[in-house]
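The values are calculated or read from the model by the stated rules, or taken from the named source; none is laboratory data. Quick caveat, the model's predicted, so the values are computed rather than measured. Every residue, glycine as well, gets a Cβ built from its backbone with ideal geometry; the counts of neighbours run over all protein chains shown.
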């Protein structure tokens, strides 16, 4: 029983850490949702010069994927905690309803992760998704080698 309590405590710590990173990622997103390549929104409608508009969309793609992946991870950790928990005195109907809710939460997390994959697949590479210009990417590669 001690191992189960330790595992649940570790999952609680993992969930807290994911939520902290998610809060930080949300602040980085700054309310600029990823519009995606099929949004059919003219770049002029976003304001500013066209180059900075496209930069914002790319940055938002990476930030949106981060946000979605972290949210999905948090949901799956939450489901894992529930699966590790000991059922209390509940009716058979309550247990079945909770089980169906866990299945639904797992499906939603899976679909969210797939959505993040679609956002990522629409980008050419990590550098493009992060909105870095080619010269910035070269500067980064110099620093990492």
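Structural remarks
- The one condition from (1) modelled with pLDDT under 85; (2) surrounded by 11 or more Cβ atoms within 10 Å (Cβ to Cβ); (3) part of a helix (DSSP H, G or I) that residue 48 does not meet is (3).
- Residue 43 vs. criteria at pLDDT below 55, surrounded by 15 or more Cβ atoms within 10 Å (Cβ to Cβ) and over 22 Å from the mean Cα position of the chain (by Cα): yes
- Of the residues making up the range 16-38, those that are under 20 Å from the mean Cα position of the chain (by Cα) and modelled with pLDDT under 80 number 13.
- Some residue of the range 6-15 being within 23 Å of residue 115 (Cβ to Cβ) and at pLDDT 90 or above: yes
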